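The values are calculated or read from the model by the stated rules, or taken from the named source; none is laboratory data. The shown structure was predicted, so the numbers you read here are calculated from the model rather than taken from an experiment. Cβ placement follows ideal geometry from the backbone for every residue including glycine, while neighbour counts extend to all protein chains displayed.
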Amino acid sequence: MRAGRGGSARTSSPVNPFMSYNFCVEVQGLLVGGFTSVEGLESKNEVLTIRQGGVNDVEYKLPGQVTYTDLVLKAGITSHDSMWLWYQSAMNGAVKRQNGSIYLLDDQGNITSTWNFYNAWPVAWVGPSLDASQNLVATQSFTLAHEGIWKRANGGAF
């Protein structure tokens with residue numbers, strides 16, 4: 001590394017981004033399966049535009065409602081299917097809202113980032129595509145509606 005104008009070289013270790021393939025999902029304190037993907041870690045702050053009468057060249061931008069995208073969890077089908085039981089209960093009118101977490105892990109299995117979701121319940125299920133000419137894992141997906149996602153600083157623990 002070259003020395004800057006101050007005359008001394010600065011050393012810093014590079015910060016590499018975490019890989020997105022190593023993660024797990026927990027609902028109410030229980031790991032609920034090996035998911036192949038998690039989608040919907042998203043929120044948006046609505047922007048309200050206010051215009052003042054007679055002032056044609058100014059728009060005021062104010063923060064509005066925060067909205068959250070539904071989570072979509074995709075997993076292989078196994079004989080132990082707690083997500084299906086939760087969904088089936090909601091289908092039968094017994095909606096049970098639960099909190100959960102999505103953990104991003106490093107190569108050693110340590111938690112690097114955590115996203116907590118609140119008051120979630122399953123609202124949709126998509127079953128596997130079955131095809132005898134393929135040798136793929138049978139997968140299903142669950143869509144969870146929820147009332148918010150918050151990222152926990154510095155990872156956190158199970």
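Observations on the model:
- Test: residue in segment 101-122 that is over 18 Å from GLY34 (Cβ atoms), of a type in the set (Ser, Thr, Tyr) and over 16 Å from the mean Cα position of the chain (by Cα): no
- Scanning segment 5-33 for residues that are at pLDDT 75 or above and aliphatic (A, V, I, L, M) yields VAL25, VAL27, LEU30, LEU31, VAL32.
- Within segment 90-131, the residues that satisfy the criterion of being more than 20 Å from LYS151 (Cα to Cα) and touching a strand residue (DSSP E or B) at 6+ places or on another chain (Cβ under 6 Å) are ALA90, VAL95, PRO122, VAL123, ALA124, TRP125, VAL126, GLY127, PRO128.
- Search result, residues across segment 117-139 that are buried (at least 16 other Cβ atoms within 10 Å of the Cβ) and either polar (S, T, N, Q) or part of a loop (DSSP other than H, G, I, E, B) (or both): THR139
- Selected residue [aromatic (Phe, Trp, Tyr), within 17 Å of GLN140 (Cα to Cα) and at pLDDT 90 or above] from TYR68, TYR118, TYR87, TYR103: TYR87
- Note on segment 50-99: among residues that are touching a residue at least 12 places away in the same chain (Cβ under 8 Å), charged (D, E, K, R) and assigned to a strand (DSSP E or B), the one that is surrounded by the most Cβ atoms within 10 Å (Cβ to Cβ) is LYS74.
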